[in-house]
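Q: This is the structure, below, for whatever I ask next.
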């Protein structure tokens, strides 16, 4: 019955582009390969790759592997003395924009890392078109935030002495 309802609502037959299917890592890897992106798989099976110089991970998490998370890490770290100001940058972004969620992580050595994340619960499945849209959203929105950080914290080596 569920399949009939999906076909009727989607106006299509069994086209995987529009019919939701369970999320899995293979679908994410196929999307990356189909779009010409280089990627790696770490020892825990998590998928990652570089996008315009920023490291992104494409995580499939949750009890039933139903949650997609696109998490990017800014290519530079900050000193602990800048923690308060970078938290303010993240909070201002989070107040203005829905995606990505932005946050920091302070390492034991005092280095402050900045992250951008788009997380979506796909318990009821995801079509190929939706998966494409979500992965593009994670990469694009994360990149927008990182470009903003590059403006707030310009690289001193990129300017003439």
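The numbers here are math on the coordinates, done by the rules we state, and not lab data. No experiment lies behind these values; they were computed from the predicted model shown. All Cβ positions, glycine included, derive from the backbone under ideal geometry; neighbour counts span all protein chains shown.
Q: When the Kirkwood radius is taken over all Cα pairs of segment 43-132, what Stokes-Einstein diffusion coefficient follows at 4 °C and 1.567 mPa s, in µm²/s? Don't skip to the end; give the middle numbers.
A: Details: Rh = 14.6 Å.
Reported coefficient: 88 µm²/s.
Q: What residue among 17, 111, 95 shows peak mean-square fluctuation when the chain is described by a Gaussian network model with Cα springs under 10 Å?
A: Looking only at 17, 111, 95, the largest GNM fluctuation is found for 95.
Q: Comparing 46, 92, 108, which has the greatest mean-square fluctuation in the GNM of the chain with Cα pairs linked when under 10 Å apart?
A: The residue with the greatest mean-square fluctuation here is 108.
Q: Can you run the Rg to Rh ratio on segment 38-89? Use alpha carbon positions and the Kirkwood inverse-distance Rh.
A: Values: Rg = 14.3 Å, Rh = 13.0 Å.
Checking Rg against Rh, the ratio lands at 1.10.
Q: Also, quick follow-up: What's the exposure ranking of 105, 90, going from fewest to most Cβ atoms within 10 Å?
A: Working: 105 11, 90 19.
Neighbour counts put them in this order, fewest first: 105, 90.
Q: OK, next. Using 0.36 nm times the number of residues separating residue 144 and residue 159, minus their current alpha carbon distance, what extension gain do you get? Mind dumping the intermediate values first?
A: Details: separation 15, 0.36 × 15 = 5.40 nm, distance 2.15 nm.
3.3 nm is the gain from fully extending residue 144 to residue 159.
Q: Now, a different point. Just the number, please: Stokes-Einstein D of the chain in µm²/s, Kirkwood Rh from C-alpha pairs, 25 °C, 0.890 mPa s. Could the numbers behind the result be given before it?
A: Working: Rh = 17.4 Å.
Reported coefficient: 141 µm²/s.
Q: OK, next. Most mobile of 138, 125, 110 per a Gaussian network model of the chain (Cα springs, under 10 Å)?
A: 110
Q: Taking neighbour counts of Cβ atoms within 10 Å as a proxy for exposure, in what order, fewest first, do 89, 61 appear? Working shown, then result.
A: Values: 89 18, 61 13.
Listing 89, 61 from fewest to most nearby Cβ atoms yields 61, 89.
Q: Another one. Give, in nm to one decimal, the length gained when the segment between residue 24 and residue 82 is fully stretched (0.36 nm per residue of separation minus the Cα-Cα distance). Intermediate results must be reported in sequence, preceding the final value.
A: Values: separation 58, 0.36 × 58 = 20.88 nm, distance 3.83 nm.
Once the chain is fully extended between residue 24 and residue 82, it gains 17.1 nm.
Q: Can you put 140, 79, 102, 119 in order of Cβ neighbours within 10 angstrom, beginning with the fewest? Spell out each step's value before the answer.
A: On the way: 140 14, 79 10, 102 26, 119 17.
If I rank by nearby Cβ atoms, fewest first, I get 79, 140, 119, 102.
Q: Taking only C-alpha pairs under 8 Å that are 6+ residues apart, what is the relative contact order of the chain in percent? Mind showing how you got there, number by number?
A: On the way: 231 pairs, mean separation 37.5, N = 161.
Relative contact order of the chain: 23 percent.
Q: Can you tell me how much longer the chain between residue 132 and residue 92 gets when fully stretched, taken as 0.36 nm per residue apart minus their C-alpha distance, in nm with one decimal? Let's see the in-between values first.
A: On the way: separation 40, 0.36 × 40 = 14.40 nm, distance 2.81 nm.
Going from the current span to full extension adds 11.6 nm.
Q: Using only alpha carbons, build the gyration tensor for segment 86-161 and give me the equivalent ellipsoid semi-axes, biggest first, whole Å.
A: Ellipsoid semi-axes (Å, largest first): 29, 16, 12.
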